[in-house]
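The values are calculated or read from the model by the stated rules, or taken from the named source; none is laboratory data. This is a predicted model, so every value here is computed, not measured. Using ideal geometry, Cβ is built from the backbone for each residue, glycine included, and neighbour counts are taken over all protein chains shown.
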């Protein structure tokens, strides 16, 4: 079965595509369909933004659509400075991967060289009649002010994220370590959610 993933982020697609194929789900992207229009992500949290994306692209294509968004929270920041839904949009500007690394490493420097971070994810699958929702989080990591030389296009903050149990940058984990880490952080449940929601 074909399902549309409403994202232009290559890292998100790569993360799920192969594993979904093994379960009989062909993930296509808005790039595959040569679609890309501006979606106003005006939701208050990751789930609301995921729904906005899923519904917008379903309405345009009539293909079952997955919307996904993530919010970022940092323990050391006061409430008024929390990133929340605006991970890439800083002061009204949409940052590219390099600009994000610059912005967040400077933020880490400003707050003492290490920031305890947490991602909260929202995923919505919309089929024109109903929406299915799933949310999860990843919190066992911190940001540092010196980035790795390695990059994960679409997920630039992997280059400044240290995973304490491996004492390595997230972007430098081996395939085996990455698999182990992802299993601990609900990736298997995400795949199950997608497969169960469309069948």
Selection within region 143-161 - at pLDDT 95 or above and buried (at least 17 other Cβ atoms within 10 Å of the Cβ): 143, 144, 145, 147, 148, 156, 157, 158, 159, 160, 161
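Which residue, of 97, 59, is at pLDDT 95 or above and closer than 28 Å to residue 171 by Cα?
97
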Test result for residue 109, out of contact with any helix residue (DSSP H, G or I) (no Cβ under 7 Å at 6 or more places or on another chain), crowded, with 18+ Cβ neighbours inside 10 Å, modelled with pLDDT of 95 or more and in a helix (DSSP H, G or I): no
Any hit, region 172-189, residues being modelled with pLDDT of 95 or more and in a strand (DSSP E or B): no
Long-range neighbours under 6 Å by Cβ, at least six apart or interchain, first residue on the phi > 0 side of the Ramachandran plot and in a helix (DSSP H, G or I) within region 48-67, second at pLDDT 95 or above and surrounded by fewer than 19 Cβ atoms within 10 Å (Cβ to Cβ): none
Residue match in region 126-142 (condition: touching a helix residue (DSSP H, G or I) at 6+ places or on another chain (Cβ under 8 Å), within 20 Å of residue 8 (Cβ to Cβ) and buried (at least 19 other Cβ atoms within 10 Å of the Cβ)): yes
Candidates 7, 56, filtered to the one that is closer than 21 Å to residue 89 by Cβ and over 16 Å from the mean Cα position of the chain (by Cα): 56
Residue pairs meeting the criteria (Cβ under 9 Å; at least 6 apart or on separate chains; first on the phi > 0 side of the Ramachandran plot and crowded, with 16+ Cβ neighbours inside 10 Å, in region 26-47; second part of a loop (DSSP other than H, G, I, E, B) and at pLDDT below 90): none
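Quick one: in region 169-191, of everything that is surrounded by 16 or more Cβ atoms within 10 Å (Cβ to Cβ) and more than 16 Å from the chain's Cα centre (by Cα), which residue is farthest from residue 103 (Cα to Cα)? First the steps, then the outcome.
Of the residues in region 169-191, the ones surrounded by 16 or more Cβ atoms within 10 Å (Cβ to Cβ) are 169-173, 178, 181-182, 185-187, 190-191.
Checking which are more than 16 Å from the chain's Cα centre (by Cα) leaves us with 169, 172-173.
Working: 169: 18, 172: 21, 173: 23 Å.
Here the residue is 173.
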